[in-house]
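Asks: Can you keep this structure in mind? I'll have questions shortly.
The values are calculated or read from the model by the stated rules, or taken from the named source; none is laboratory data. Please read all numbers here as calculations on a predicted model, not as lab measurements. Glycine also receives a Cβ, built like all others from the backbone with ideal geometry; neighbour counts cover every protein chain displayed.
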Amino acid sequence: MKWSDAPGRTVVLQQQLLRDLSHELRTPLSRLRVACESEQDLEQLRERISREVDGMQRLVEDALQLAWLDTERTSLPDEAIQVQALWEMLTENACYESSWPASQLHCAVDASCWVRGHLNTLAQALENILRNAIRHSPQGGVVMFDGRRDGDFWHLWLEDEGGGVADEDLERIFSPFIRLDGSRPGEGGFGLGLSIARNAVQRQGGRLWAENAGRGLRLNMLLLADLHGDNDDAPAPTIDMCRPQIA
Amino acid sequence: MTPIAIGHPRILSIEDDPVLGAYVHEHLGRCGFQVTWCQNGQEGLAIARQQAFDVVLMDILLPGLDGLAVLTQLRQSHSTPVVLMSALGAEADRISGFRLGADDYLPKPFSMAELRVRIEAILRRVAFDRRPVPIPTPPATDCLRFDDELGEVFWGEYAAGLTRSEYRLLDTLNRNDDEVLSKAFLYQQVLQRGYAPHDRSLDMHISQIRRKLKAIGYTEREVRTVWGKGYVLSAVDEVV
């Protein structure tokens with residue numbers, strides 16, 4: 001799904017997006033208006049405003065990020081990334097955020113797995129997929145991360161035990177603002193996480209797709225393998241270095 | 001983080017929004033900073049050239065002269081640390097690279113606590129840079145040996161195989177043993193750039209340091225995450 005694409009084909013989709021976005025933004029605004037007019041207790045009002053502002057901020061940031069990812073066309077600078085180190089960094093955060101025990105997050109990818117990518121966007125993609133898997137896991141469920149080398153690529157997958165989705169929804173879950181009703185446990189979020197993840201993976205020349213496997217949903221990622229690994233940490237060629245640079 | 005021991009740091013705040021400007025002025029004043037507030041780019045540039053400041057806070061969209069132009073002109077003669085503030089967001093920044101020349105960039109909306117952490121990180125880095133001679137690495141209490149020339153740490157005969165950034169990071173944490181260092185400061189001090197929430201380089205270096213220390217069997221101390229505050233190198237069972 002693209003925010004900007006060949007004219008005509010995507011007009012309907014863009015209108016759908018605008019409708020969804022208007023709805024998502026106006027809902028917390030109307031709740032705030034009601035709270036301002038009716039809430040008597042100052043402490044409760046403050047607490048409520050703070051909660052709504054947090055939610056709106058997340059929504060605005062996610063929506064803008066998706067739009068930026070989708071409209072920007074220049075290639076991202078890439079570097080060698082060790083997937084196991086990335087996984088450890090992300091799971092530490094995820095366990096803290098969700099109070100999940102680390103023992104329910106398994107990583108079978110070994111230290112030899114290095115990919116080429118843009119660290120921040122790849123981290124964001126994997127983080128969103130991981131959050132999604134945790135959110136849709138049953139009590140005590142295990143999330144498994146595994147992969148294997150596939151020619152010039154690493155094929156990585158993340159599998160949950162949340163029961164999966166209907167086959168016809170396997171592609172739809174990547175559309176913005178899609179939240180499936182159904183038997184999968186878990187809710188919350190704006191339905192932007194997987195759209196951002198797919199855009200982020202595609203922006204670095206990879207692929208992201210879903211399938212039903214085992215006891216839940218499996219998210220597959222194809223990422224360009226790095227041949228040399230941890231040989232240098234010359235400053236990553238990101239353009240957001242803030243010290244003056246000589247052009 | 002240790003309070004900055006140089007009296008009342010002078011802050012110039014160039015912000016045209018009356019509500020935010022007044023709030024920043026009042027809040028930083030209460031935190032012990034001497035704040036000068038002006039609402040116009042041209043005027044701000046003139047003040048920044050005439051008087052000495054420890055940090056300049058500046059909005060990007062300003063009447064008169066925009067923040068980036070002020071920054072460019074200020075940089076021709078002054079190296080005063082500059083923190084840019086803007087509602088253009090982290091994504092726009094990443095794409096256009098507009099913070100070139102600034103010491104840090106704070107996307108709006110931000111909390112006063114976050115603003116203060118950023119200012120203190122810069123003040124601390126500047127104080128660190130100004131030390132007359134580098135302080136030698138404190139003797140390791142537990143035999144993790146830092147070799148500055150090789151940029152490597154040793155545990156017994158085993159070398160951890162750190163990269164340059166990882167070594168600088170671990171060395172900085174080691175020199176501030178048991179003190180929680182903010183991400184904003186570690187970005188300033190080790191990676192020499194501002195901190196952005198979507199920037200995961202520092203976290204990734206920490207992840208690698210942990211792996212490498214574990215691989216050589218070093219478990220006496222570890223780099224621990226103090227949520228909402230930063231990182232600390234401390235004994236495993238120690239309460240921070």
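Asks: Determine, yes or no, whether A:Ala67 is closer than 26 Å to A:Cys107 by Cβ, more than 8 Å from chain B (Cβ to nearest Cβ) and either in a helix (DSSP H, G or I) or not polar (S, T, N, Q) (or both). Walk me through it before giving the result.
Replies: Numbers: closer than 26 Å to A:Cys107 by Cβ: no; more than 8 Å from chain B (Cβ to nearest Cβ): yes; either in a helix (DSSP H, G or I) or not polar (S, T, N, Q) (or both): yes.
So A:Ala67 does not fit the description; no.
Asks: Tell me the residue from A:Leu59, A:Leu130, A:Leu122 that is more than 13 Å from every other protein chain (Cβ to nearest Cβ), buried (at least 22 other Cβ atoms within 10 Å of the Cβ) and not small (Gly, Ala, Ser), please. Let's see the steps before the verdict.
Replies: Details: A:Leu59 fails: buried (at least 22 other Cβ atoms within 10 Å of the Cβ); A:Leu122 fails: more than 13 Å from every other protein chain (Cβ to nearest Cβ).
Every option except A:Leu130 fails the conditions.
Asks: So, in the range B:189-212, how many residues would count as being among the hydroxyl-bearing types (Ser, Thr, Tyr) and facing another protein chain (nearest Cβ under 7 Å)?
Replies: Selection size over the range B:189-212: 2.
Asks: Go through (1) facing chain A (nearest Cβ under 8 Å); (2) surrounded by 20 or more Cβ atoms within 10 Å (Cβ to Cβ) for B:Leu186 and report which single condition fails.
Replies: Here B:Leu186 meets the rest and fails (1).
Asks: Let me ask you something else. Within the range A:32-42, can one find any residue that is under 22 Å from the mean Cα position of the chain (by Cα), free of Cβ contacts under 8 Å to residues at least 24 places away in the same chain and in a helix (DSSP H, G or I)? Outline the logic, then answer.
Replies: Keep residues of the range A:32-42 that are under 22 Å from the mean Cα position of the chain (by Cα), which gives none.
No - not one qualifying residue is present in the range A:32-42.
Asks: If you scan the range B:189-222, which residues turn out to be buried (at least 18 other Cβ atoms within 10 Å of the Cβ), in a strand (DSSP E or B) and either without any contact (Cβ under 8 Å) to a residue 60 or more places away in the chain or in contact with a Gly (Cβ under 8 Å, 6 or more places away or on another chain) (or both)?
Replies: none
Asks: Further question on the same structure: If a residue counts only when it is more than 30 Å from A:Leu21 (Cβ to Cβ), which strands (runs of 3 or more DSSP E) contained entirely in the range A:121-223 have at least 2 such residues?
Replies: On the way: elements: A:143-150, A:153-159, A:207-213.
Qualifying strands (runs of 3 or more DSSP E): A:143-150, A:153-159.
Asks: Let me ask you something else. Restricting to the range A:77-91, name every residue that is at pLDDT 95 or above and not small (Gly, Ala, Ser).
Replies: Start the filter on the range A:77-91 by keeping residues that are at pLDDT 95 or above, which leaves A:80-91.
The answer is A:Ile81, A:Gln82, A:Val83, A:Gln84, A:Leu86, A:Trp87, A:Glu88, A:Met89, A:Leu90, A:Thr91.
Asks: Determine which member of the set A:Val115, A:Val83, A:Val109 is more than 19 Å from A:Leu217 (Cα to Cα), away from chain B (no Cβ under 12 Å) and β-branched (Val, Ile, Thr).
Replies: Among A:Val115, A:Val83, A:Val109, only A:Val115 is more than 19 Å from A:Leu217 (Cα to Cα), away from chain B (no Cβ under 12 Å) and β-branched (Val, Ile, Thr).
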